[in-house]
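Inspection log for the structure reproduced underneath, given as structure tokens.
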Amino acid sequence: MSKHPAALAGKAIAVAISMLWLVAATLFAESQLQVVSPENGAVVNAGGALMVTIKAAPSAFQSISLVGDGPFALSTSLTAPPYQFSYVIPGDFASGRYRFMASGKTASGETVCSDSVEVDIERSDDVKKLESEYQSLTLGDQKDLPLQIWGIFADGAKVDVTRSKRMTYTSDRPAIAAVSNEGTVSAVGAGKARITVKYGDKTLVVPVVITQNPKK
């Protein structure tokens, strides 16, 4: 037996109202908790300090902390404003992009999170030398294998620059071995290839051998 058109329309309206309520609740939650600084995409100098400032609705939260990766993996909770978190970034901290968000705990036990923010941690000086953790790569059963590239700087710091935005990776035979923007080598077909790594004016070549055609 088919339902009356009015009943179907009423159900559709109820679903629409529910979705609008959910969107409104999400927007309200986000407006309660915001990362004021740093801006999304900001470049942070390794060897310096980083201050994260959170804006929160008055009396909305019992505590606020940061949740993320890299330097943001460990965070203390603050129970009163100003909600500012200070980080000292070591000079040998691995270069690359890291994401974090603010997390607030309400009196009712609810957790509210802000939009996530991404920062790029980089050395401000030029690298003096590049080194690869592996003199060459051989892929057999493994389809993907990440490179690990170290940058040696004038102060003697040895920094993992594999995921640095200043790095570029190119393959001379992408039909044999492809390479991602973050240095992961993928087997495409059996054969040999060379991956050229470049950071500033310094380059490094890593030979790659693919011993078998990858399984489809």
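The values are calculated or read from the model by the stated rules, or taken from the named source; none is laboratory data. Because the structure is a prediction, the values reported are computed rather than measured. Neighbour counts run over all protein chains shown; Cβ positions are idealised from the backbone, glycine included.
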Looking only at the range 162-210, count every residue that is under 17 Å from L145 (Cα atoms), in contact with a Phe, Trp or Tyr (Cβ under 6 Å, 6 or more places away or on another chain) and not in a strand (DSSP E or B) and tell me the total. 1
Any chance G140 is in contact with a Ser or Thr (Cβ under 6 Å, 6 or more places away or on another chain) and at pLDDT below 95: yes
Pairing a residue in the range 142-157 that is closer than 12 Å to G183 by Cβ with any residue that is of a type in the set (V, I, T) and not in a strand (DSSP E or B), where Cβ atoms lie under 6 Å and the two sit 6 or more apart in sequence or on different chains, gives Q148/T162; I149/V161; I149/T162
I'm told G91 meets every condition in (1) buried (at least 18 other Cβ atoms within 10 Å of the Cβ); (2) part of a loop (DSSP other than H, G, I, E, B); (3) touching a residue at least 60 places away in the same chain (Cβ under 8 Å) except one. Can you identify the failing condition by its number? (1)
Going residue by residue through the range 110-120, is there one that turns out to be without any contact (Cβ under 8 Å) to a residue 12 or more places away in the chain and touching a Gly at 6+ places or on another chain (Cβ under 8 Å)? yes
Picking from E110, E122, E131, which residue would you name as being on the phi < 0 side of the Ramachandran plot and modelled with pLDDT under 95? E110
Only one of G151, G96, G70 is buried (at least 16 other Cβ atoms within 10 Å of the Cβ), within 21 Å of the chain's Cα centre (by Cα) and not assigned by TED's automatic domain parsing to the domain that holds V43, namely G151
Criterion first (under 13 Å from T211 (Cβ atoms) and more than 24 Å from the chain's Cα centre (by Cα)) does D141 satisfy it? yes
Where Y134 falls short, out of the listed (1) assigned to a strand (DSSP E or B); (2) among the aromatic types (F, W, Y); (3) not assigned by TED's automatic domain parsing to the domain that holds T53: (1)
For R173, state whether it is surrounded by fewer than 20 Cβ atoms within 10 Å (Cβ to Cβ), closer than 11 Å to S95 by Cα, of a type in the set (K, R) and not assigned by TED's automatic domain parsing to the domain that holds L33. no
